[in-house]
Structures are given as C-alpha cells and as structure tokens.
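S.K.: Please read through the structure below; I'll follow up with questions.
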Amino acid sequence: MLYAILCYHSEDVVGSWTKEEDAAVMAKLAVVQDKLAREGRLGPVARLLPTTAATTLRKDQDPPLVLDGPYAETKEQLLGFYLVEGGSLEDVLDTTRELAAANPGGAYEVRPVGAFFPGALRP
Amino acid sequence: MTDIGWIETAVSAARPKAISALLRYFRDLDIAEEAFQEACLKALNLWPQNGPPRDPCAWLIFVGRNAAIDVVRRRSREAELPEESVLSDLGDAESSLADRLDDAHYRDDILRLLFICCHPDIATTQQIALALRIVSGLTVPQIARAFLVSESAMEQRITRAKSRVAKAGVPFETPGPVERAERLAAVATMIYLVFNEGYSAASGDLARARLCDEAIRLARLLLRLFPAEPEIMGLTAMMLLQHARLAARFDADGAVVLLDDQDRGLWNGAMIAEGLALIDKAMRHRRPGPYLIQAAIAALHARAARPEDTDWPQIDLLYATLEHIQPSPVVTLNRAVAVSKVAGPEAALTMIAPLAEPLGGYFHYFGLRGALLSQLGRVDEARDAYDRAIALARTAAEAAHIRMHLDRLDATPINMPASSG
C-alpha cells in the first residue's frame, strides 16, 4: 500500500525559523528520509513554497474562478494531488481548467514547489 | 534549538497578531506590550510542563489580556473611575477567542499596529525602529546594533517615537476601503524602508542582514492578510529577489561585488523561486505598480544564468514604465545603467546630465558617472566623479569599491582613445 504523508505546521512558526534553525530541522528530517530511501520505501518528497505563493481555482462554477491565496475553506476535503511541470503559473492554471472540465466541483490549489526529490518508488 | 527554543519561536511567531489584538483591547501601546510580556513569562513557566497550547497565539492573547486588565483596573482606580468603553468589548472577545482564530480575524488589527508605526509625525528611521521593536520584537540592543548607534540613544529614539504615536492617538475605527488601501501603502513603504536599512548594510553584518529577513517576514504576513494585492506581492517578490543575492554581494574581505561579477551559484534558489512565483501571480492582475515593476526588473537579473544573458532592452523598458508612473531622479539613474548596456555609455551620460543637481549629494550618481566616463576614456573627468563618490560614500565598503575603480583608472594609459561615441 502506498501512503501519502501530508505535512501541516504553523506558517508563522516555520517562517520565523532562522536559516540555521531551518537547516537543522531539514538535516534531522534527512536522516529519516535516508533510512526510508535505503529501505526502498521513499517516493517523491516536496517542500512547497509559502501559501502566499498559492493560487486557488474554484471549480464549482463555470467558468472556474481563480483566486489569490491558498485553499482556505473547510467544507471540502483533500482527496488527491498532482505534480506537474509548467513554464508559468498561467500554463498550470490552464492545466487545472482542463482537469476542472473533466471533474467539476470543489477546488484546486496551485502551489509552486520549492524543493523536490523524486525518490525511487515504482508503481 | 535549546529546550525552551521552541517557546521562543512560538512566541516570536505569535507576536504581531497577539500585540495587535491586545492593542485593540487596551488601546494603549505600552499596556499591550506589557500584557504580551506578562503572557510570555507565563508561557515560559507553564508550557514546558503542559506542552504547547493548541493555538499559542490565542493563548498569549487570552493570558496577556487577563494580566493587563488588573493593571488597567488598578490604574483607573488611582486616576478615575473605570472607563466602561475600554473594557466593554472584552466579554465578546473572550467567546470569540474560544474559537480558533484565522488570519482574516486579525487583518485590521495587524494593519493598525503596523500603520501606527508609520505615523507621518515620526521620522522614517524612528518608524523603522518602532516597527522592529514593537512588531518584530527585536530587542533594543539588537536594533541599536543594526543602526550602529548606542543602546541608550536607540532606547531614547524608540521612547520618543512611542510618545509621539500615543499623543497622535491611535485610529481604532475599522477602516473603510480607501483608508485601508492608504494604510496598506504606508505600511508597504515602511516595510521596504526596513529592508533597505538592512540591504544597504556593510557585508557580514548579520545584525543588519536580519533586517532584510524581518522585512520579508512582515511582507509575507501582510500578504497572507491581503492575498489579492498585486503590489504587496511585488514588494515581497522584489525583496526576496534582492535578498537572494546576499551571499554573493560581498567578497571575503567585505568588499562590494557588483552584479556582473557575482558568483550566481551563491544566489539563494528558493528565494528566487518564491519571488518569481509571486511575480507570476501579480502579473495576472494586469495593473503593475512600482513594486511589481521593480520586482520584474530584479527577476530579469535573477533569470540570467550569466551577466551577458541579461535582457537589458526589457529592463530599459521596465524602467521607462517606472519612470512614467513614479518619476524620480533615482529611477532615471537606474535606467541609465540599462541604457548604457543597450545604447552605450554616451547615451547614458546624456541621460544622467540633468540629474547633476537633484542627485548632487548622491553616492551612486557619481559612481555611475565615473564608470560611464571611464568607459569613454575620459579619465580625468572619471577621476573627479569617483572622488566625489568617495566623499559621499556611506559605508567603508562603498568607498573601497570606488577606490578600486580609481586604481584601475590609474593603470589605464592616459591617451586611450575614446571608445565608440
């Protein structure tokens, strides 16, 4: 069974870390990740850019509505995610519009990825 | 992090929101600060045993508020009867604190706190000091170090700024849309001032580089509160893109390294990525303001893998737009750099000629003039310009940089023919 582990934390707190504190946390996480990788259990790992860099596409209306900022409601639940390559935000929004046409209702939050490690898991 | 490190981080992360909320209750900056201080002491006592509360910020507001109510009551008894208007909204506040608070709840509170720091009656250096002390929670010694003044001088500066603000009266009514936009603009300027204070610092000066980090933190905070403001996106992006170059801007001896000579491998990739993403978002609004345009200029530098890959014609165009919407001699001076790359030093020299008077006391004017004249082989005039620049340098690093150019001039044969005219 594959599991997704979704990381939540207070952005105020993480954003208050000094470079050294941030690096120290990342180093500790890397120890755990290395172990998982050695066991062949580690898939992609991504650190997302802050929520200030997020854009949200509401697809419960046609045409969908693009809003600045992260998904900020509680009435829907996280059900899946994509990682896609895009030359610009506009490219990726086009992609989400295609997806929205295929599956209306709910929302997509588009968030740039800061750091990405592909991992070595096979389907 | 030490054992209580996590408490310090949580407290400092909660500070802008908590002080803002306490200021709304007590309408007095000193009481709000004292209340927060009290709450922090209690946190240091209680959190290590009990663990962190579910919402540290709400906890600090609640505990701080209770601590300060006693103080307010005592003071009121000494002076006059309790003012019901001051305390009347506390009941409501308590019940709303029971719910988890989201950022929108704090929006006008935090904006107000930031806004009173940029009161027009207080000088810009005082605005910055006040914001760093009250909003960011930097200590007086930390701020004094950043401004290169004594602690007592800084203490005095902050005290004076506070009493000015108190006298002027804090605006507590909920702002209307126009007023909110005005406050936002004033706060954005103040945040940029904080950034510039750090950015113009000499190398390796961590106390001042910290100001850049603080400015970015405040801008991100503001952007979370006002997520659809393209100029706040632009401001944040511009600061991220400029600060991303920090490690490359000075050499091992602390001397300035110009953009063209920087090791681009030292640029901070994550900050650049975030800056570019914010510009992408802001551009969708199709009404570029001064911050966004400056961010776009910084982005063109950030996107160039090598200096010769820089899209100077586009930078010239962006500066022309900036000149149009926000004309200033400094903008024209910056544009002249792009013009010198696109059309040559002679054209740039012609462009900056009218700036001699408005920028007669500006280091960078003479620095650029010297560089352009030296490119044209007009060595004596270049030397004069560089001499003026050194006289106007604000830091040793600036002066040392110009001296290096002077040395190069002296190594140049005197009869070098003028390059392309």
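S.K.: On the given criteria, is B:Val149 at pLDDT 90 or above, more than 16 Å from the chain's Cα centre (by Cα) and surrounded by 14 or more Cβ atoms within 10 Å (Cβ to Cβ)?
M.R.: no
S.K.: Tell me, yes or no, whether region A:74-86 has at least one residue that is surrounded by 12 or more Cβ atoms within 10 Å (Cβ to Cβ) and under 23 Å from B:Arg286 (Cα atoms).
M.R.: Among the residues of region A:74-86, at least one is surrounded by 12 or more Cβ atoms within 10 Å (Cβ to Cβ) and under 23 Å from B:Arg286 (Cα atoms), which makes the answer yes.
S.K.: Can I ask one more? Kindly indicate whether any position in region A:72-84 is free of Cβ contacts under 8 Å to residues at least 24 places away in the same chain, under 23 Å from B:Glu274 (Cα atoms) and in a helix (DSSP H, G or I).
M.R.: no
S.K.: Given the conditions (1) farther than 19 Å from A:Val14 by Cα; (2) more than 10 Å from chain A (Cβ to nearest Cβ), which single one is not true for B:Ala244?
M.R.: (1)
S.K.: Restricting to region B:248-274, what's the tally of residues that are closer than 17 Å to A:Ala115 by Cα and in a helix (DSSP H, G or I)?
M.R.: 8
S.K.: Please go through region B:275-323 and give me each residue that is within 30 Å of A:Asp22 (Cβ to Cβ) and part of a loop (DSSP other than H, G, I, E, B), ordered by number.
M.R.: B:Arg284, B:Ala304, B:Ala305, B:Arg306
S.K.: Of the conditions (1) closer than 30 Å to B:Arg210 by Cβ; (2) of a type in the set (A, V, I, L, M); (3) surrounded by 10 or more Cβ atoms within 10 Å (Cβ to Cβ), A:Ala27 satisfies every one except a single condition; which number is it?
M.R.: Result: A:Ala27 fails condition (3) only.
S.K.: What is the residue count in region B:48-66 for residues that are of a type in the set (Lys, Arg) and buried (at least 21 other Cβ atoms within 10 Å of the Cβ)?
M.R.: The qualifying residues number 1.
S.K.: Could I ask something else about it? Answer yes or no as to whether B:Ala209 is out of contact with any Lys or Arg (no Cβ under 6 Å at 6 or more places or on another chain) and open to solvent by 10 Å² or more (accessible area, probe 1.4 Å).
M.R.: In short, yes.
S.K.: Among the residues of region B:119-135, which ones are part of a loop (DSSP other than H, G, I, E, B) and open to solvent by 10 Å² or more (accessible area, probe 1.4 Å)?
M.R.: Hits for region B:119-135 are B:His119, B:Pro120, B:Asp121, B:Ala123.
S.K.: Right, next: Give me a count of the residues in region A:34-62 that are away from every other protein chain (no Cβ under 14 Å), without any contact (Cβ under 8 Å) to a residue 24 or more places away in the chain and not in a loop (DSSP other than H, G, I, E, B).
M.R.: 4
Table: residues versus (1) touching a His at 6+ places or on another chain (Cβ under 7 Å); (2) among the charged types (D, E, K, R); (3) not in a helix (DSSP H, G or I).
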{"residue": "B:Phe172", "(1), (2), (3)": "no, no, yes"}
{"residue": "B:Pro175", "(1), (2), (3)": "no, no, yes"}
{"residue": "B:Arg180", "(1), (2), (3)": "no, yes, no"}
{"residue": "B:Leu184", "(1), (2), (3)": "no, no, no"}
{"residue": "B:Met190", "(1), (2), (3)": "no, no, no"}
{"residue": "B:Val194", "(1), (2), (3)": "no, no, no"}
{"residue": "B:Ala207", "(1), (2), (3)": "no, no, no"}
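S.K.: Can you tell me which residues in region B:4-31 are in contact with a Gly (Cβ under 8 Å, 6 or more places away or on another chain) and more than 14 Å from chain A (Cβ to nearest Cβ)?
M.R.: Selection gives B:Leu22 alone.
S.K.: What number of residues within region A:86-112 satisfy the criterion of being assigned to a loop (DSSP other than H, G, I, E, B) and within 14 Å of chain B (Cβ to nearest Cβ)?
M.R.: 5
S.K.: Listed residues B:Arg224, B:Arg220, B:Arg284; which is within 11 Å of another protein chain (Cβ to nearest Cβ), open to solvent by 40 Å² or more (accessible area, probe 1.4 Å) and touching a residue at least 60 places away in the same chain (Cβ under 8 Å)?
M.R.: After applying the criteria, what remains is B:Arg224.
S.K.: To continue, here is another question. Among (1) within 12 Å of another protein chain (Cβ to nearest Cβ); (2) modelled with pLDDT of 90 or more, where does B:Leu46 come up short?
M.R.: (1)
S.K.: Among the listed residues B:Arg245, B:Arg287, which satisfies the condition of being within 23 Å of B:Val337 (Cα to Cα) and at pLDDT below 95?
M.R.: On inspection, the qualifying residue turns out to be B:Arg245.
S.K.: Shifting gears a bit: Looking only at region B:227-253, count how many residues are in contact with a Leu (Cβ under 9 Å, 6 or more places away or on another chain) and either open to solvent by 40 Å² or more (accessible area, probe 1.4 Å) or farther than 30 Å from B:Ala397 by Cβ (or both).
M.R.: 9
The values are calculated or read from the model by the stated rules, or taken from the named source; none is laboratory data. Computed from a predicted structure; not experimentally measured. Using ideal geometry, Cβ is built from the backbone for each residue, glycine included, and neighbour counts are taken over all protein chains shown. Only protein heavy atoms, including side chains, enter the accessible area calculation; ligands, DNA and RNA are left aside. Shrake-Rupley method; radii C 1.70, N 1.55, O 1.52, S 1.80 Å.
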